[in-house]
1. Within segment 1-17, restricting attention to residues that are near the ligand (Cβ under 9 Å from one of its atoms) and either part of a helix (DSSP H, G or I) or among the acidic types (D, E) (or both), which residue is surrounded by the most Cβ atoms within 10 Å (Cβ to Cβ)?
2. Report, by residue number, each residue of segment 100-129 that is part of a loop (DSSP other than H, G, I, E, B), crowded, with 23+ Cβ neighbours inside 10 Å and in contact (Cβ under 8 Å) with a residue 40 or more places away in the chain.
3. In segment 31-48, which residues are buried (at least 23 other Cβ atoms within 10 Å of the Cβ) and either at pLDDT below 95 or in a loop (DSSP other than H, G, I, E, B) (or both)?
4. Within segment 150-169, can one find any residue that is free of Cβ contacts under 8 Å to residues at least 12 places away in the same chain, within 15 Å of the ligand (Cβ to nearest atom) and not in a strand (DSSP E or B)?
5. Looking at (1) surrounded by 20 or more Cβ atoms within 10 Å (Cβ to Cβ); (2) within 13 Å of the ligand (Cβ to nearest atom); (3) of a type in the set (A, V, I, L, M, F, W, C), which is the one condition that is false for F28?
6. For the structure I just gave you, tell me whether D87 is loosely packed, with under 14 Cβ neighbours inside 10 Å and within 22 Å of R173 (Cα to Cα).
7. Just give me the residues in segment 100-122 being over 17 Å from L18 (Cβ atoms), more than 10 Å from the ligand (Cβ to nearest atom) and among the polar types (S, T, N, Q), in sequence order.
8. Scan segment 49-99 for residues that are within 14 Å of the ligand (Cβ to nearest atom), closer than 20 Å to D193 by Cβ and in a helix (DSSP H, G or I) and jot them down.
Amino acid sequence: MDYKELHFVEIDSTNKYLKDNYLSLDNFTIASTDYQSKGKGRNDRIWLSNKGENLMFSLLIKDSYLINLGGYLSLVAAISISKVLEDQFHLKDVSIKWPNDIYLNGEKVCGILLEGQLPHYLVIGIGINVNQITFIGEYRINPTSIKLATHKEANINDFKRVVFDYLIKNMERVKQNKDQFLEYFDKHNYLKDKQVSFILNSKEQIGIVKGVDDHFNLLINYENKEISVNSGEINLIKEIL
Ligand code: BTN
């Protein structure tokens, strides 16, 4: 299956572009850009990225089977990017922080924002720090980039092709066997066996992350029971040694 790329030198937000135009665009249209003037992050945060130094794009999903997978698609996206980082750059310490941040050596290298309108479409927005080495401004989690980890400049166009290729192939694979991605996630689950705080019945609670279920809900050991958490903020409080 093919994709179609629309590249913008500058745009407000590639997620917004696809959301505004989804009716006239095909499934697997990718909007990419060198610079976003209003890049959107999760939970109404902004996504900051220097012009031309990073990869920013959004993928439009109109296939109804894929739309029904909902948040599971951001796992497929996170796994695709992680695998590119491992395969192309031979990076070792790549992990996925549930639900969909990618960490390199414990710092954030990629963020994913899933938006859409069910049952019509989904947009998966992805920002990957590639060649940026200074990060000015406030970041909740320390940012890093591929260049900071490899000490080499990456060719963004070559990288982009490989990322799109892995991503679209995995979108096809998930239709054949949805659960094949869970094993990879388990091996790259940044939160596994770590203590986290989470909100249950409007109260902050503390538990230990065990894994995810097949709907990609986080499984937490809490007061000797296993509970599943499907959204909201999970804050890492400290690692269990
Ligand atoms: C996060 O908060 O970690 C998610 C960040 C997602 C950023 C990407 S960059 C391309 C796409 N367009 C946007 O406006 N946001 C996403």
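1. Residues of segment 1-17 near the ligand (Cβ under 9 Å from one of its atoms): 11-17.
With the extra rule that they be either part of a helix (DSSP H, G or I) or among the acidic types (D, E) (or both), the set shrinks to 12, 14-17.
On the way: D12: 15, T14: 27, N15: 29, K16: 19, Y17: 21.
Checked segment 1-17; the qualifying residue surrounded by the most Cβ atoms within 10 Å (Cβ to Cβ) is N15.
2. Scanning segment 100-129 gives a single hit, N129.
3. Hit for segment 31-48 is G39, nothing else.
4. No, every residue in segment 150-169 fails to be free of Cβ contacts under 8 Å to residues at least 12 places away in the same chain, within 15 Å of the ligand (Cβ to nearest atom) and not in a strand (DSSP E or B).
5. In the conditions (1) surrounded by 20 or more Cβ atoms within 10 Å (Cβ to Cβ); (2) within 13 Å of the ligand (Cβ to nearest atom); (3) of a type in the set (A, V, I, L, M, F, W, C), F28 misses (2) alone.
6. Here the answer is yes, as D87 does meet what is asked.
7. N105
8. Of everything in segment 49-99, just one residue is within 14 Å of the ligand (Cβ to nearest atom), closer than 20 Å to D193 by Cβ and in a helix (DSSP H, G or I), namely A78.
The values are calculated or read from the model by the stated rules, or taken from the named source; none is laboratory data. This structure is a prediction, so every number in the text was calculated from the model and none was measured. As a convention, Cβ positions derive from the backbone with ideal geometry for all residues, glycine included, and neighbour counts pool all protein chains shown.
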